[in-house]
1. Checking the conditions here, which among P50, P30 is in contact with a Pro (Cβ under 8 Å, 6 or more places away or on another chain) and either exposed (fewer than 13 other Cβ atoms within 10 Å of the Cβ) or β-branched (V, I, T) (or both)?
2. Suppose we filter region 55-103 for residues that are surrounded by fewer than 17 Cβ atoms within 10 Å (Cβ to Cβ) and either touching a Gly at 6+ places or on another chain (Cβ under 7 Å) or in a loop (DSSP other than H, G, I, E, B) (or both); how many remain?
3. With the requirement that a residue be polar (S, T, N, Q), in a loop (DSSP other than H, G, I, E, B) and closer than 21 Å to A80 by Cβ, what does region 1-54 give you?
4. If I ask for residues that are touching a residue at least 24 places away in the same chain (Cβ under 8 Å) and closer than 18 Å to A95 by Cβ, which ones from region 1-21 would you list?
5. Mind counting the residues in region 34-54 that are touching a residue at least 12 places away in the same chain (Cβ under 8 Å) and more than 19 Å from R18 (Cα to Cα)?
Amino acid sequence: MGISQLRPVEAQALLQERGPAAELLDVREPSEYALVHVQGARHIPMGQIPGRLAELDTQRTYVVMCHHGGRSQQVAAFLAAQGYQAVNLAGGIDAWAADLEPSLPRY
């Protein structure tokens, strides 16, 4: 079974519905995060995920995001293989900005 793909509106609804049981996880590089990020998202760069698994909760659902959705897809699959609940934000922060927060800078 593949990783679920959620468009920004669907991801936002899941995050609101589940409250503290769900979290937006931004896996972009620090330089990308510094350019633009979604308020309240947890930032763990993709390369640091394996070494920082202890910071994540297997009972929480993670909506994983990157710039366009490729890296986050890989991270979501990795997390799922480790027993975490993870979905991919289809289109990444670029789609989030376009669909939900047009005031966010796009790069």
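Each value in this text was obtained by applying a stated rule to the coordinates, not by laboratory testing. Computed from a prediction, not measured in an experiment: that's the story for all the values here. Positions of Cβ are generated from backbone atoms using ideal geometry, with glycine treated the same way; all protein chains shown enter the neighbour counts.
1. Selected residue: P30, the only one of P50, P30 that is in contact with a Pro (Cβ under 8 Å, 6 or more places away or on another chain) and either exposed (fewer than 13 other Cβ atoms within 10 Å of the Cβ) or β-branched (V, I, T) (or both).
2. 11
3. S4
4. Scanning region 1-21 gives I3, S4, Q5, L6, R7, P8, V9, A11, Q12, L14, L15.
5. 10
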